[in-house]
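Data block below; observations after.
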Amino acid sequence: MIEGLADDRDECRKASMRSIKICIKKFARDAPDQLVQPVLRMMFEDNPGVRMSSSILMYQLVKELENDIIKAQPKYVSMETKHKILATMFIMKYDPDEKVKLQAGTIWKNIVDNQLLILKQVLETLIRLVFFLVTHSS
């Protein structure tokens with residue numbers, strides 16, 4: 001379903017988005033990793049529309065998990081997953097596409113109360129992710 005976000009046809013992208021939102025609502029607490037991993041991958045796609053849709057889906061997932069991502073000890077996801085989500089959302093605030101950047105910045109503000117504290121927590125993951133992205137960019 002998530003690959004449908006990159007489709008050229010608008011109706012296919014909309015159907016894909018609706019389907020994923022339904023899956024998030026239904027399975028967020030029972031199988032969060034199966035939802036998080038594909039969305040995280042799509043957040044670094046070349047297509048800015050896919051990156052924007054993925055950030056919106058991640059925000060919905062965070063909300064479905066009762067903001068578990070920002071809690072000290074998440075109940076539904078591992079600390080590693082928590083850090084990956086937050087690091088990815090932070091990176092997206094600096095996306096080259098202005099619309100994606102604005103969307104990600106708004107989502108970041110809605111998720112994070114204390115930016116400095118969160119950045120300290122995810123710094124190692126953030127550095128690893130940045131190095132990965134730099135070394136694997138085309």
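Just give me the residues in the range 95-130 being among the hydroxyl-bearing types (Ser, Thr, Tyr) and in contact with a Lys or Arg (Cβ under 7 Å, 6 or more places away or on another chain), in sequence order.
At the first step, the residues of the range 95-130 found to be among the hydroxyl-bearing types (Ser, Thr, Tyr) are 106, 125.
Within the range 95-130, 125 is the sole residue that qualifies.
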Legend entry - Subset of the range 82-123 that is crowded, with 17+ Cβ neighbours inside 10 Å and part of a loop (DSSP other than H, G, I, E, B) - its residue that is nearest to the chain's Cα centre (by Cα): 93
Inset, instruction - Kindly indicate whether residue 133 is exposed (fewer than 13 other Cβ atoms within 10 Å of the Cβ), touching a residue at least 60 places away in the same chain (Cβ under 8 Å) and out of contact with any Lys or Arg (no Cβ under 8 Å at 6 or more places or on another chain). - result: yes
Legend entry - Residue pairs meeting the criteria (Cβ under 9 Å; at least 6 apart or on separate chains; first of a type in the set (Ser, Thr, Tyr), in the range 66-79; second modelled with pLDDT under 85): 76/66; 76/68; 76/69
Legend entry - Qualifying residue in the range 45-57 (condition: farther than 14 Å from residue 18 by Cα, hydroxyl-bearing (Ser, Thr, Tyr) and surrounded by fewer than 23 Cβ atoms within 10 Å (Cβ to Cβ)): no
Inset, instruction - Kindly provide the set of residues from the range 1-39 that are in a helix (DSSP H, G or I), in contact with an Asp or Glu (Cβ under 6 Å, 6 or more places away or on another chain) and not basic (Lys, Arg), ordered by number. - result: 24
Inset, instruction - Could you list all residues from the range 96-117 that are hydrophobic (A, V, I, L, M, F, W, C) and under 20 Å from residue 72 (Cβ atoms)? - result: 108, 111, 112, 116, 117
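Can you find a residue in the range 49-65 that is part of a loop (DSSP other than H, G, I, E, B) and out of contact with any Lys or Arg (no Cβ under 8 Å at 6 or more places or on another chain)?
Within the range 49-65, none of the residues are part of a loop (DSSP other than H, G, I, E, B) and out of contact with any Lys or Arg (no Cβ under 8 Å at 6 or more places or on another chain).
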Inset, instruction - Spot the failing condition for residue 65; the list is (1) touching a Phe, Trp or Tyr at 6+ places or on another chain (Cβ under 8 Å); (2) under 18 Å from residue 21 (Cβ atoms); (3) at pLDDT 90 or above; (4) not hydroxyl-bearing (Ser, Thr, Tyr), and only one is missed. - result: (3)
Inset, instruction - Determine whether residue 47 is modelled with pLDDT under 90, out of contact with any Ser or Thr (no Cβ under 6 Å at 6 or more places or on another chain) and not small (Gly, Ala, Ser). - result: no
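The values are calculated or read from the model by the stated rules, or taken from the named source; none is laboratory data. This structure is a prediction, so every number in the text was calculated from the model and none was measured. Because the Cβ atoms are built from the backbone with ideal geometry, glycine has one as well, and the counts that use them run over all protein chains shown.
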